[in-house]
Amino acid sequence: MKILISRSILSLSLPCTHCSSLSSGKSSHKQIDLRANPVLRLYYESRAVLFIMCSVNEIFFMALYFAHFFSGPYLSMFGYTMGMWEWVARITFVPCAAKHFISVIQMVAAARNIGYLDEEEIRQRRG
């Protein structure tokens, strides 16, 4: 079950936005209308935000992997005692979830773009 959940989370990174942007004639999935969504605008226009989100995402999955095999030194914080890697995973969970929420926003935008392109192509065929 854990493998199914982790793979479904990782599948949010599928290249849906790549397909929709390339089919619309753009050279990159990052060439989108950022005025439409303030979250995507912040995500793509701020290199610091993009770097932090991507780094924390990777750290989260590394911490889950390490916590599975060994706990590291035990730390006591906020009245709880657990292994270091579990603490790292818990701390980085929220930014990781936010990054995947942004991926869902991108997938929805990509699906809409593909729908608009298909609709336009059908109109052109009909004349």
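The values are calculated or read from the model by the stated rules, or taken from the named source; none is laboratory data. Remember, it's a predicted structure, so these values are computed and weren't measured experimentally. Note that each Cβ is placed from the backbone with ideal geometry, even for glycine, and that neighbours are counted across all protein chains shown. These accessible areas exclude ligands, DNA and RNA; they are computed on the full protein's heavy atoms, side chains included. Shrake-Rupley method; radii C 1.70, N 1.55, O 1.52, S 1.80 Å.
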What are the residue pairs meeting all of these: first residue in the stretch 100-112, first residue of a type in the set (Lys, Arg), second residue at pLDDT below 90 and part of a helix (DSSP H, G or I), Cβ atoms under 9 Å, and 6 or more apart or on different chains?
Arg112/Ser20
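Report yes if Phe70 is touching a helix residue (DSSP H, G or I) at 6+ places or on another chain (Cβ under 9 Å) and surrounded by fewer than 16 Cβ atoms within 10 Å (Cβ to Cβ), otherwise no. Give the derivation first.
On the way: touching a helix residue (DSSP H, G or I) at 6+ places or on another chain (Cβ under 9 Å): yes; surrounded by fewer than 16 Cβ atoms within 10 Å (Cβ to Cβ): yes.
For Phe70, the condition - touching a helix residue (DSSP H, G or I) at 6+ places or on another chain (Cβ under 9 Å) and surrounded by fewer than 16 Cβ atoms within 10 Å (Cβ to Cβ) - is met.
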Tell me, please, whether a residue that is aromatic (Phe, Trp, Tyr) and open to solvent by less than 40 Å² (accessible area, probe 1.4 Å) can be found in the stretch 82-105.
yes
Neighbours by Cβ (under 7 Å, 6+ apart or cross-chain): first from the stretch 53-66, within 15 Å of Arg90 (Cβ to Cβ); second of a type in the set (Ser, Thr, Tyr) and open to solvent by less than 50 Å² (accessible area, probe 1.4 Å)
Val56/Thr92; Ile59/Thr92; Phe60/Thr92; Ala63/Thr92
